[in-house]
1. Counting only residues that are in contact with a helix residue (DSSP H, G or I) (Cβ under 6 Å, 6 or more places away or on another chain) and buried (at least 21 other Cβ atoms within 10 Å of the Cβ), give me the helices (runs of 4 or more DSSP H) lying completely in the stretch 3-111 with at least 3 of them.
2. What is the residue count in the stretch 271-288 for residues that are of a type outside the set (Lys, Arg) and assigned to a helix (DSSP H, G or I)?
3. For the stretch 296-313, how many residues are buried (at least 17 other Cβ atoms within 10 Å of the Cβ), of a type in the set (A, V, I, L, M, F, W, C) and assigned to a helix (DSSP H, G or I)?
4. Under 9 Å between Cβ atoms, which residue pairs at least 6 apart in sequence (or on different chains) link something in the stretch 419-448 that is closer than 17 Å to Thr322 by Cα with a partner that is part of a strand (DSSP E or B) and among the hydroxyl-bearing types (Ser, Thr, Tyr)?
5. With the checklist (1) without any contact (Cβ under 8 Å) to a residue 60 or more places away in the chain; (2) touching a strand residue (DSSP E or B) at 6+ places or on another chain (Cβ under 8 Å); (3) over 23 Å from Thr88 (Cβ atoms) in hand, flag the one item Pro208 doesn't pass.
6. What pairs come up if the first residue lies in the stretch 374-391 and is under 20 Å from Asn410 (Cβ atoms), the second is acidic (Asp, Glu) and assigned to a loop (DSSP other than H, G, I, E, B), and their beta carbons are under 9 Å apart, counting only those six or more places apart or on different chains?
7. Of the conditions (1) under 23 Å from Val523 (Cβ atoms); (2) surrounded by fewer than 22 Cβ atoms within 10 Å (Cβ to Cβ); (3) in contact with an Asp or Glu (Cβ under 6 Å, 6 or more places away or on another chain), Glu488 satisfies every one except a single condition; which number is it?
8. Within the stretch 486-544, work out how many residues are among the charged types (D, E, K, R) and either in contact with a Phe, Trp or Tyr (Cβ under 6 Å, 6 or more places away or on another chain) or under 11 Å from Leu463 (Cβ atoms) (or both).
Amino acid sequence: MNNLAALVLRHVDARPAHVALVLPRSWDGDAGVVEDVLTYGDIGARVRGLMTGLARAGIGAGDRIIVLVPPGPELFTLVIALFGVGATAVLIDAGMSKARIVQAMASAGARGIVSVGKLLARWPLLPPLWRARRWSLDSHGRGVAPFSELMVELAPGAGGEPSPALPRRPDDEGLITFTSGSTGRPKGADRTQGILLAQHHALAAHVPRRSDAVDMPCFPVVALHNLCLGITTVMPPCDLRAPASADGALVLRHARKWGVTSIAGAPAFMARLAEAGAGPDGERVPTLERYEVGGAPVTRALCAALAVGLPGAQGHVIYGSTEAEPIGGIEMAELLATPGEGFLVGRPDPACAVELVSLPPEPGASAGQGGPRPLPEGLARYRVAPGQPGEVIVSGAHVNRRYVGNPGANRENKLEVGGTIWHRTGDVGHLDGQGRLWLTGRVSDLVAHAGRTLHPLIIEAALDAAPGVRRSALVAHPRAPEGEVALELSGAASTDATLTAARAALAAHDLRLPIRVVATIPVDGRHNSKIDRPTLRRSLEKEPRRAQ
């Protein structure tokens, strides 16, 4: 019936006593974790009550509702209920700056918003909310209604059976997600009900789970996928807006308490678990069978650390993005056994088509143009030669086809070839002789140096392996147009010794680049794992480099 809510509700009816969600509300390394535990029966009661409340409030098919709340029971049940009545859930990354959140709200064109009182108290100062219905989880006041207004308790037998999920067409909107970014207007990826269902099936095939699985994802959206599978989701006890700050030992103890069988997270989060599990006194999760890492480049060093810190479990790297998940993947054992330059992310997933291309700038294109960039001549003329690097583009039933309220982003990131929409990932990579994809950088981050094109991920992988280096970044900016290396040192590493090792790593690539030691290299606000290159460039350009 093309409605994700129907997949969840079938498990509500089939296994109401099965635990669906374990959601930490507070945690402390000594005091433990305070949590909400919801069975599928609890989920069903809340979802069906919210569907009734939304319908009574006049919210239905085609309405967009912003959901800007912490990842608790209200987030998951409200999103499912919105799907159920045919409305569109709009999720905005709370880690974005206030200005970008307001931009996302403006692009969303939402009819209503559910959030917290701290934000909604300022609605008179936020033009995108002037005409919106406003509900607050924790307070109410002038122009703001309590969320409880939408929570209708359905008494058994009163008023007949609750309405089922509304049948939807594949092209009907389902979920719009605005995620963090460093430059330009926020992009709201429009996942229709058809795309949501295709993504669910692609993930279920790529990352299989048994019916008795207990999954701990550090990505809240994965919990929706798990609810469609009918399995148990245990969210980790940490601030999901800052996963790099997680207490790895506390997370693993919580995983052991609930018998977690799989864990998924970004590299910064998984690194904390690897640290907590290392050594003879490290935390252990005997039930853990598998873990997945994605959302940013996964280093060999992290794979090796996880093998030690999470022994007995199988590691897997997932390559994908908000717009296309999954694109590919590889078992960590194969990754560690395969030498090469760059980041090996595995073979393309069967659910999608992947091409490597070299596209020239579009002549006469303007940021205001809407719709994907047409390529009436097809892709053949733009494909790179075997083994050569090219931009990764992807198409498939689970691949996002457009952004809402952002015609420039559609033109820049989407291609139309013979009626098929291709997504430009912005990543650069090459395919090896076994059809495996290696990532070497991003189109916007390649560095022109002395007649060569430098691929940052290749150089950074070599630098990161040097003793004393915690993180490295190769960037170009007006003060260093042919490239400069920023180094963040690990622990009490010697600056002189680390610089010597870094210069040797560069020399192995026939490079002599200026190197600058910095206190920290900025990372993305969402996963704390990807280098925030625009911010780093501005910082390096602002401060003159000292000789090192």
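1. Working: elements: 4-14, 40-56, 73-84, 98-108.
Passing ranges, in order: 4-14, 40-56, 73-84.
2. Just the residues of the stretch 271-288 that are of a type outside the set (Lys, Arg), to begin with: 271, 273-283, 285-288.
Among the residues that remain, those that are also assigned to a helix (DSSP H, G or I) are: 271, 273-277.
The qualifying residues number 6.
3. Here the count works out to 5.
4. From the stretch 419-448, the pairs are Ile421/Ser395; Trp422/Ser395; His423/Ser395; Asp427/Tyr319; Asp427/Thr440; Arg442/Thr425.
5. Going through (1) without any contact (Cβ under 8 Å) to a residue 60 or more places away in the chain; (2) touching a strand residue (DSSP E or B) at 6+ places or on another chain (Cβ under 8 Å); (3) over 23 Å from Thr88 (Cβ atoms) one by one, Pro208 breaks only (2).
6. none
7. Condition not satisfied by Glu488: (3).
8. Residues in the stretch 486-544 being among the charged types (D, E, K, R) and either in contact with a Phe, Trp or Tyr (Cβ under 6 Å, 6 or more places away or on another chain) or under 11 Å from Leu463 (Cβ atoms) (or both): 2 in total.
The values are calculated or read from the model by the stated rules, or taken from the named source; none is laboratory data. No experiment lies behind these values; they were computed from the predicted model shown. Ideal geometry is used to build each Cβ from the backbone, glycine not excepted, and the neighbour counts take in all protein chains shown.
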